[in-house]
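Chemist: So that we are looking at the same thing, I have put the structure below in structure tokens.
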Amino acid sequence: MSNQKQSGLDIDLGNLCSKDAFDWAKTTFRNRENKSGAIALKVDGVFSNMLLFGNQRIGIGSDGIGTKIELTERTGIYNTLGYDLVAMVADDLATAGFEPTSISNIIDVDKLDREIINELMKGLAEACNFANMSITGGEIAELGNRINGWGNKMHFNWCSTAIGTLPENMSKPIDGSGVKPGQVIISLRSRGFRSNGFSLLRRTMQAAFGDNWHSEAYNSEKTWGEALLTPSLIYCPLISKIIASGIIPEGAAHITGGGLADNFRRVLKTTNYGCVMNDLWEPLEVMQRVMELGNIAAEDAYLYWNMGNGMLLVVEEHEAEKVLQIAESENYLARKAGHITEKSDIIIECGTVHLKYEY
């Protein structure tokens with residue numbers, strides 16, 4: 001059965017299209033013995049590949065912001081999207097252990113607005129400084145009516161590619177191959193929807209409040225548009241700090257489209273083990289309120305959103321407390337959320353929510 005449900009998007013079809021695209025990409029990979037220079041190696045379970053240039057081990061990943069862009073058009077707030085753009089690529093690299101170093105971005109627009117471009121790039125610079133990255137390339141392309149959106153101001157799409165290096169104390173990227181029963185799953189708290197699941201969010205808001213849903217009051221301090229625009233928290237500096245301490249996670253999952261189970265499955269697929277996550281962070285208040293507004297079942301919410309858990313790390317039990325201490329010292333919220341099991345099911349328990357995914 002298709003996982004289209006309320007969002008209007010078909011996750012199963014998306015996964016199949018991604019598989020087809022990657023199958024074609026693999027036909028271009030080179031074996032080290034047969035080619036000098038760049039070698040593309042698939043790192044199972046993550047969204048990034050590793051390039052080998054002599055002894056240099058370089059990770060590369062690409063992504064975009066998606067339809068969260070409409071929130072900036074509705075609210076007029078453009079200087080936070082940079083955090084979402086960086087998080088989508090830098091945190092993907094971090095799941096394989098790469099330390100992101102630079103980013104190149106492409107802004108496709110219908111018509112130029114210098115003030116908006118300046119705000120976008122200001123936010124990107126702030127996010128890159130947070131993530132210890134440099135902006136090393138970019139392109140702004142005017143595409144006319146090939147690009148559209150909400151309102152009368154400049155419409156745009158924003159994508160990027162990030163580069164990172166593998167730390168010297170790692171013999172290979174994190175790929176999940178060392179995951180085994182008894183290891184601890186640590187969840188890093190998110191602060192919003194990040195940059196995923198906005199098709200369902202926009203449908204829900206439209207149905208609840210009408211065309212101008214973004215201007216409805218969320219509370220006494222902000223509108224719904226502002227609440228949903230909350231920028232992504234970037235996790236790569238923390239993961240780099242953990243690796244530098246000598247703790248190399250056996251697995252890591254960036255919780256993006258597909259939710260907790262679909263993303264964590266990538267960590268487990270090389271071993272075919274499972275997990276129980278029974279002490280996750282509770283869904284953020286904004287997520288609970290959206291679920292109530294749209295009568296959205298927990299099964300669907302956990303499929304499309306991070307539900308308060310933005311990144312999952314797998315570490316040995318004796319390393320867990322040190323990881324939590326490092327997270328606290330870096331002002332991240334982290335907790336032991338579960339453990340790896342022999343059985344291949346992924347079980348999620350949070351409050352009254354009990355979900356089981358069989359793969």
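The values are calculated or read from the model by the stated rules, or taken from the named source; none is laboratory data. Small disclaimer: the values here were computed from a predicted structure and weren't measured. Cβ sites come from the backbone with ideal geometry, for glycine too, and all protein chains shown count toward neighbours.
Chemist: Just to be sure, is GLU349 at negative phi and not in a strand (DSSP E or B)?
Modeler: no
Chemist: Okay, moving on. Confirm whether ASN196 is in the same structural domain as ASP300 (by TED's automatic domain parsing), without any contact (Cβ under 8 Å) to a residue 40 or more places away in the chain and either surrounded by 23 or more Cβ atoms within 10 Å (Cβ to Cβ) or not charged (D, E, K, R) (or both).
Modeler: Numbers: in the same structural domain as ASP300 (by TED's automatic domain parsing): yes; without any contact (Cβ under 8 Å) to a residue 40 or more places away in the chain: no; either surrounded by 23 or more Cβ atoms within 10 Å (Cβ to Cβ) or not charged (D, E, K, R) (or both): yes.
It is false that ASN196 is in the same structural domain as ASP300 (by TED's automatic domain parsing), without any contact (Cβ under 8 Å) to a residue 40 or more places away in the chain and either surrounded by 23 or more Cβ atoms within 10 Å (Cβ to Cβ) or not charged (D, E, K, R) (or both).
Chemist: For the stretch 131-150, check the following and say yes or no: at least one residue is closer than 15 Å to GLY97 by Cα and small (Gly, Ala, Ser).
Modeler: Yes; the residues of the stretch 131-150 include at least one that is closer than 15 Å to GLY97 by Cα and small (Gly, Ala, Ser).
Each row is one residue, and each column tells you yes or no for (1) assigned by TED's automatic domain parsing to the domain that holds ALA252; (2) out of contact with any helix residue (DSSP H, G or I) (no Cβ under 6 Å at 6 or more places or on another chain); (3) outside any strand (DSSP E or B); (4) at pLDDT 95 or above.
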{"position": "ALA125", "(1), (2), (3), (4)": "no, yes, yes, yes"}
{"position": "MET154", "(1), (2), (3), (4)": "no, no, yes, yes"}
{"position": "ASN157", "(1), (2), (3), (4)": "no, yes, no, yes"}
{"position": "MET170", "(1), (2), (3), (4)": "no, yes, yes, yes"}
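Chemist: Pick from SER240, SER245, SER232: which is in contact with an Asp or Glu (Cβ under 6 Å, 6 or more places away or on another chain) and under 28 Å from SER171 (Cα atoms)?
Modeler: Values: SER245 fails: in contact with an Asp or Glu (Cβ under 6 Å, 6 or more places away or on another chain); SER232 fails: under 28 Å from SER171 (Cα atoms).
Testing whether each residue is in contact with an Asp or Glu (Cβ under 6 Å, 6 or more places away or on another chain) and under 28 Å from SER171 (Cα atoms) leaves just SER240.
Chemist: Further, regarding this structure: Any residue at all in the stretch 90-100 that's among the charged types (D, E, K, R), over 16 Å from the mean Cα position of the chain (by Cα) and modelled with pLDDT of 95 or more? Before the answer, list the steps.
Modeler: Here is the first cut: in the stretch 90-100, the ones among the charged types (D, E, K, R) are 91-92, 99.
Among the residues that remain, those that are also over 16 Å from the mean Cα position of the chain (by Cα) are: none.
No; the residues of the stretch 90-100 include none that is among the charged types (D, E, K, R), over 16 Å from the mean Cα position of the chain (by Cα) and modelled with pLDDT of 95 or more.
Chemist: Still on this structure, please answer the following. Can you name every residue in the stretch 159-168 that is touching a helix residue (DSSP H, G or I) at 6+ places or on another chain (Cβ under 6 Å) and in a loop (DSSP other than H, G, I, E, B)? Full working, then the answer.
Modeler: The initial filter retains those residues of the stretch 159-168 that are touching a helix residue (DSSP H, G or I) at 6+ places or on another chain (Cβ under 6 Å), namely 160, 162, 164, 167.
PRO167, the sole residue that qualifies.
Chemist: Which of the residues that make up the stretch 58-95 are touching an Asp or Glu at 6+ places or on another chain (Cβ under 8 Å) and part of a loop (DSSP other than H, G, I, E, B)?
Modeler: The answer is ILE65, ILE77, TYR78, ASN79.
Chemist: Considering only the stretch 332-340, I want to know if a residue exists there that is in a loop (DSSP other than H, G, I, E, B) and closer than 15 Å to PRO249 by Cα. Please lay out each step first, then the result.
Modeler: Step one: list which residues in the stretch 332-340 are in a loop (DSSP other than H, G, I, E, B), which gives 332-333.
Now narrow it down to the ones that are closer than 15 Å to PRO249 by Cα: none.
No - not one qualifying residue is present in the stretch 332-340.
Chemist: Where the second residue is loosely packed, with under 13 Cβ neighbours inside 10 Å and of a type outside the set (Gly, Ala, Ser) and the first is within 20 Å of SER190 (Cα to Cα) and lies in the stretch 207-229, which pairs have Cβ atoms under 9 Å and are six or more apart or on separate chains?
Modeler: From residues that are within 20 Å of SER190 (Cα to Cα), the pairs are ALA227/ASN219.
Chemist: Can you list the helices (runs of 4 or more DSSP H) lying wholly within the stretch 182-275 that have 3 or more residues being under 14 Å from VAL286 (Cβ atoms) and of a type outside the set (Gly, Ala, Ser)? Working first, answer last.
Modeler: Numbers: elements: 198-209, 224-228, 236-244, 259-268.
By residue number, 198-209, 224-228.
Chemist: Then there is this: Could you check GLY97 against (1) surrounded by 24 or more Cβ atoms within 10 Å (Cβ to Cβ); (2) in contact (Cβ under 8 Å) with a residue 60 or more places away in the chain; (3) more than 30 Å from LYS343 (Cα to Cα) and say which number it fails?
Modeler: All conditions pass for GLY97, except number (3).
Chemist: Here is a list of conditions, (1) closer than 23 Å to ASP63 by Cα; (2) buried (at least 20 other Cβ atoms within 10 Å of the Cβ), and CYS275 meets all of them except one; can you say which number that is?
Modeler: (1)
Chemist: Moving on to the next point. Working only within the stretch 323-346, note down all residues that are at negative phi and either free of Cβ contacts under 8 Å to residues at least 60 places away in the same chain or charged (D, E, K, R) (or both).
Modeler: GLN325, GLU328, SER329, GLU330, ARG335, LYS336, GLU342, LYS343, ASP345
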